[in-house]
Amino acid sequence: MAIGNQPTVGGINGRAGNLAVRWQKLAADLLDFATGPASTLSVADLQALGFTFADATAMAAAIVSMGNFANVYYGNLAQTVTFNYDTAFLPLRGVTT
């Protein structure tokens, strides 16, 4: 018998199921955030809360991107092949490059 973690039907089913549940939860949370009170805030509103102009602009764009990501998941928006969500959310993760 080989050493290490061997794939099994149960293991594959369990992992796939857990990932699908996490993905759905994330899509629901993104949609809730993007359509909730944050969605009504303009760049000026975000600045009034304390964001710099650059950060307010980035946050406003991120809120829209979060809603778009969720709507692609739910089939309400066509996926834009050229859009990179990882790059779009770099500022929110505190990464500059």
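Quick note: the coordinates plus some simple rules give every number you see, no bench work behind them. These figures come from a predicted structure and were not determined experimentally. Cβ coordinates were reconstructed from backbone atoms using ideal geometry, including for glycine residues, and neighbour counts include every protein chain displayed.
Can you tell me how many residues within the stretch 68-83 are among the polar types (S, T, N, Q) and within 18 Å of TRP23 (Cβ to Cβ)? Of the residues in that region, 4 qualify.
Among the residues of the stretch 74-94, is any touching a Leu at 6+ places or on another chain (Cβ under 9 Å) and without any contact (Cβ under 8 Å) to a residue 40 or more places away in the chain? Walk me through how you get there before you give the answer.
Filtering the stretch 74-94 down to residues touching a Leu at 6+ places or on another chain (Cβ under 9 Å) leaves 74.
Now restrict to residues that are without any contact (Cβ under 8 Å) to a residue 40 or more places away in the chain: none.
The answer is no, given that none of the residues of the stretch 74-94 is touching a Leu at 6+ places or on another chain (Cβ under 9 Å) and without any contact (Cβ under 8 Å) to a residue 40 or more places away in the chain.
Within the stretch 76-97, the set of residues being over 15 Å from the mean Cα position of the chain (by Cα), hydrophobic (A, V, I, L, M, F, W, C) and within 20 Å of ALA28 (Cα to Cα) comprises just one member, ALA78.
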